[in-house]
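Undergrad: So that we are looking at the same thing, I have put the structure below in structure tokens.
The values are calculated or read from the model by the stated rules, or taken from the named source; none is laboratory data. All of these numbers come straight from a predicted model, not from anything done at the bench. Note that we place each Cβ from the backbone using ideal geometry, even for glycine, and neighbour counts take in every protein chain shown.
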Ligand SMILES: Cc1cc2nc3c(=O)[nH]c(=O)nc-3n(C[C@H](O)[C@H](O)[C@H](O)COP(=O)(O)OP(=O)(O)OC[C@H]3O[C@@H](n4cnc5c(N)ncnc54)[C@H](O)[C@@H]3O)c2cc1C
């Protein structure tokens, strides 16, 4: 026992009865409702064997007649003072906070998901460092044989303009050939099982399995960081197989934080960022002052959206 802890025990032993501390339990001002309507999960299927399930929310209980947006307002009012409490003013406050990137109040709302997705999707997803993750252990357990296999129609052709993309559908013959290749890689699963039964460690045997294999995790993220994730992964530049997960997540959270979601759509998801070169070109009605072809293309795309063609 260290000297310090020994002294602590002695102090208690010396008999001074510690003052009784009682927790002050405060009743809510009115009835509370569960934002998930008392359900254990809200689940949506994604891809061929995947899913996104919302399993918990903070705040889970909210005053009747409100939404979980109220936790954002509550936190913001610590810094902005009480102000008025009318619902439409709460809405204005949430929208102001999001527009002006006053982000911390949005961190007061958290969502916990249970997700099943192919490993190649998980690899992109895990790059978002501001969430808490606990993944299925393929060292500890045999992995279930679930593999992602796109339909023939959803096999995409490599884009010639975007090295990271593929939008157009592939001709059927080649698409079928590719699906055949995926099937071949799935056959490795039987050998994986056999060899683990013969005693090869699961942690090593898994190295023979393809990244189309499904994994699962619990993923918890606050609303500020979730909006960041969604703005990147619901975007058309994100790979389609992760975009469908982002879309499902958004569908699940939208009814829980409708005010924030509306502001997110208007100010971020469907909004537009202009560089100073673009602002100058717009104001002076001339081409953008850069020789960079990619930047010129991006400005053209924005002009299109602004209806300036
Ligand atoms: C379309 C697309 C293509 C991509 N292509 C590639 C690719 O080719 N190769 C590749 O490696 N990645 C690629 N990525 C991943 C990308 O570079 C990011 O790693 C990923 O989107 C996570 O973004 P983030 O770091 O902003 O998110 P998070 O990790 O969730 O972080 C959120 C924010 O927190 C802050 N933050 C978090 N951690 C730190 C830190 N340690 N230091 C400082 N600030 C921090 C930053 O402001 C960050 O924006 C791609 C992503 C997309 C959407």
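Undergrad: Yes or no: segment 270-292 includes at least one residue that is touching a helix residue (DSSP H, G or I) at 6+ places or on another chain (Cβ under 8 Å), within 16 Å of the ligand (Cβ to nearest atom) and at pLDDT 95 or above.
TA: no
Undergrad: Same structure again: Quick test of your reading of the structure: residue 229 fulfils all but one of (1) within 14 Å of the ligand (Cβ to nearest atom); (2) at positive phi. Name the failing condition by number.
TA: Among (1) within 14 Å of the ligand (Cβ to nearest atom); (2) at positive phi, residue 229 violates only (2).
Undergrad: What residue, among those in segment 127-152 that are under 18 Å from residue 229 (Cα atoms) and surrounded by 14 or more Cβ atoms within 10 Å (Cβ to Cβ), is farthest from the ligand (Cβ to nearest atom)?
TA: Applying the first criterion (under 18 Å from residue 229 (Cα atoms)) to segment 127-152 yields 127-134.
If we keep only those that are surrounded by 14 or more Cβ atoms within 10 Å (Cβ to Cβ) as well, we get 128, 131, 133.
Working: 128: 4, 131: 7, 133: 11 Å.
Among residues in segment 127-152 that are under 18 Å from residue 229 (Cα atoms) and surrounded by 14 or more Cβ atoms within 10 Å (Cβ to Cβ), the one farthest from the ligand (Cβ to nearest atom) is 133.
Yes or no, residue by residue, for (1) at pLDDT below 95; (2) part of a loop (DSSP other than H, G, I, E, B); (3) surrounded by 12 or more Cβ atoms within 10 Å (Cβ to Cβ):
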{"site": "36", "(1), (2), (3)": "no, yes, yes"}
{"site": "39", "(1), (2), (3)": "no, yes, no"}
{"site": "62", "(1), (2), (3)": "no, no, yes"}
{"site": "74", "(1), (2), (3)": "yes, no, yes"}
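Undergrad: So, in segment 264-278, exactly how many residues are surrounded by 11 or more Cβ atoms within 10 Å (Cβ to Cβ) and outside any loop (DSSP other than H, G, I, E, B)? Write out each step before concluding.
TA: Just the residues of segment 264-278 that are surrounded by 11 or more Cβ atoms within 10 Å (Cβ to Cβ), to begin with: 264-269, 271, 274-275, 277-278.
Checking which are outside any loop (DSSP other than H, G, I, E, B) leaves us with 264-269, 277-278.
The total comes to 8.
Undergrad: If you check every pair at least six apart or on different chains, which have Cβ atoms under 7 Å apart with a residue in segment 251-263 that is surrounded by 20 or more Cβ atoms within 10 Å (Cβ to Cβ) first and a residue that is in a loop (DSSP other than H, G, I, E, B) and modelled with pLDDT of 95 or more second?
TA: Close Cβ pairs (under 7 Å, with a partner that is in a loop (DSSP other than H, G, I, E, B) and modelled with pLDDT of 95 or more) amount to 256/35; 256/67; 256/68; 257/67; 257/68; 257/109; 259/67; 261/254.
Undergrad: If you don't mind, another one. Between 240, 296, 266, which is within 16 Å of the ligand (Cβ to nearest atom) and either over 25 Å from the mean Cα position of the chain (by Cα) or over 22 Å from residue 130 (Cβ atoms) (or both)?
TA: Details: 296 fails: within 16 Å of the ligand (Cβ to nearest atom); 266 fails: within 16 Å of the ligand (Cβ to nearest atom).
Only one candidate qualifies: 240.
Undergrad: Ok, one more. Scan segment 119-146 and report the pairs whose first residue is closer than 26 Å to residue 183 by Cα and whose second residue is within 11 Å of the ligand (Cβ to nearest atom), with Cβ atoms within less than 7 Å and a gap of 6+ or a chain change.
TA: 121/242; 124/239; 124/242; 125/242
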